[in-house]
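First comes the structure, then the notes that go with it.
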Amino acid sequence: MFNNISKLMKTTLEQKRLTQADLAKSLGFKNSQFISNVSRGKCSLPLKRMKHFSYLTDTSIDEIKTAYLADQSVRFDEAVNDQG
């Protein structure tokens with residue numbers, strides 16, 4: 001469902017040698033479950049945390065935006081096609 005953000009998250013964690021727990025704590029989450037859900041494509045990062053994610057991981061805002069918008073485009077298309 002959120003495959004592009006998921007791929008970006010997994011790649012970033014691996015490249016930066018961050019654990020899900022480290023990233024979760026740095027982003028202000030109580031535990032790593034939410035980051036795990038993002039990494040598995042179950043959900044996306046909240047928009048209000050994307051700038052902080054960018055800063056913590058040295059990932060460009062444009063790269064995050066591209067992944068986020070690609071996921072939203074897929075979700076939009078799925079929703080529109082399901083109404084037919």
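Among the residues of segment 12-19, none qualifies, meaning not one is surrounded by fewer than 16 Cβ atoms within 10 Å (Cβ to Cβ), in contact (Cβ under 8 Å) with a residue 12 or more places away in the chain, in a helix (DSSP H, G or I) and hydroxyl-bearing (Ser, Thr, Tyr).
Suppose the filter is surrounded by fewer than 13 Cβ atoms within 10 Å (Cβ to Cβ) and at pLDDT below 95; does Lys30 pass it?
Numbers: surrounded by fewer than 13 Cβ atoms within 10 Å (Cβ to Cβ): yes; at pLDDT below 95: yes.
Considered against the rule, which asks whether it is surrounded by fewer than 13 Cβ atoms within 10 Å (Cβ to Cβ) and at pLDDT below 95, Lys30 comes out as yes.
When segment 47-67 is limited to residues that are under 15 Å from Phe2 (Cβ atoms) and touching a helix residue (DSSP H, G or I) at 6+ places or on another chain (Cβ under 6 Å), the one that is surrounded by the fewest Cβ atoms within 10 Å (Cβ to Cβ) turns out to be Arg49. Under the condition of being surrounded by 13 or more Cβ atoms within 10 Å (Cβ to Cβ) and either under 22 Å from Arg17 (Cα atoms) or free of Cβ contacts under 8 Å to residues at least 40 places away in the same chain (or both), the residues counted in segment 69-82 number 1. Checking the stated criteria, Leu47 turns out to be over 14 Å from Thr57 (Cα atoms), of a type in the set (A, V, I, L, M) and under 15 Å from the mean Cα position of the chain (by Cα).
Scanning segment 20-50 for residues that are on the phi < 0 side of the Ramachandran plot and part of a loop (DSSP other than H, G, I, E, B) gives Phe29, Lys30, Asn31, Ser32, Arg40, Lys42, Cys43, Ser44, Leu45, Pro46.
For every residue, the table says whether it meets (1) touching a His at 6+ places or on another chain (Cβ under 8 Å); (2) without any contact (Cβ under 8 Å) to a residue 12 or more places away in the chain; (3) of a type in the set (Ser, Thr, Tyr).
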site: Ile5; (1), (2), (3): no, no, no
site: Met9; (1), (2), (3): no, no, no
site: Leu27; (1), (2), (3): yes, no, no
site: Pro46; (1), (2), (3): no, yes, no
site: Arg49; (1), (2), (3): no, no, no
site: Phe53; (1), (2), (3): no, no, no
site: Asp58; (1), (2), (3): no, no, no
site: Ile61; (1), (2), (3): no, yes, no
site: Ala67; (1), (2), (3): no, no, no
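The values are calculated or read from the model by the stated rules, or taken from the named source; none is laboratory data. The structure displayed is predicted, hence computed values, not measured ones. Virtual Cβ from ideal backbone geometry, glycine too; neighbours counted across all protein chains shown.
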